[in-house]
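Notes follow once the structure below has been shown.
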Amino acid sequence: MIRQLHNHAANVAFDGLDIDANAGTPTGAAFESDAEGVTIRNSRIGNVTDEKGALLIGWGSTASQRVLVDNVVFHDVYQVGDGVHNECLYAMS
């Protein structure tokens with residue numbers, strides 16, 4: 001089990017992960033990626049409080065393209081604090 005994963009490498013695939021934030025993360029979402037060509041499949045992401053389950057961030061004109069999320073179960077993403085904006089999956093560029 002993984003508590004938090006930050007990815008900065010392009011063209012990688014993650015398969016069969018169990019990302020469990022244990023109700024909180026040291027910094028940011030349980031899974032974060034700011035690279036292109038990233039695949040995450042057959043995985044679980046959850047047990048997150050006042051944060052995003054997965055955050056996909058793109059920079060530049062092609063970043064955040066070619067991201068594949070396949071057969072990923074998002075679970076137990078809770079909002080407890082006031083003014084917190086959280087989602088299971090948030091993608092932006």
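The values are calculated or read from the model by the stated rules, or taken from the named source; none is laboratory data. Since this is a predicted model, take the numbers as computed values, not measurements. Here the Cβ positions follow ideal geometry from the backbone for every residue, glycine too, while neighbour counts run over all protein chains shown. Just the protein is used for accessible areas: all its heavy atoms, side chains included, with ligands, DNA and RNA removed. Shrake-Rupley method; radii C 1.70, N 1.55, O 1.52, S 1.80 Å.
List of remarks:
- Within the accessible area of the chain (1.4 Å probe), percent carbon and sulfur: 49 percent
- Residue-count net charge about Val38 - beta-carbon cut-off 13 Å; Lys, Arg +1, Asp, Glu -1: -3
- Length gained on full extension, Thr27 to Asp82: 18.0 nm, using 0.36 nm per residue less the C-alpha separation.
- Convex hull volume per residue in cubic angstrom - Cα atoms of the chain: 81 Å³
- Residues whose placed amide H lies under 5 Å from that of Val72, excluding near-sequence neighbours: Asn42, Ser43
- Sites excluded, trypsin sites (Lys or Arg not before Pro) in DSSP loops with at most 15 other C-beta within 10 Å, longest stretch of the chain: 4-65
- Taking label points 7 Å from Cα along the Cα-to-Cβ direction, Val73 and Leu89 give a separation of 1.6 nm.
- Working note: Karplus 6.51/-1.76/1.60 with θ = phi - 60° gives region 41-49 the couplings 9, 6, 9, 10, 9, x, 6, 10, 10 Hz, where Gly and Pro are set to x.
- Think of a 1.4 Å ball rolled over the protein heavy atoms: the chain then has 55 Å² of accessible area per residue.
- Restriction of the chymotrypsin sites (Phe, Trp or Tyr not before Pro) in region 1-83 to DSSP coil positions whose beta-carbon has at most 15 other beta-carbons within 10 angstrom yields Trp59.
- Counted by Cβ distance under 13 Å from Asp15, the other residues give a net charge of 0, where Lys and Arg count +1 and Asp and Glu count -1.
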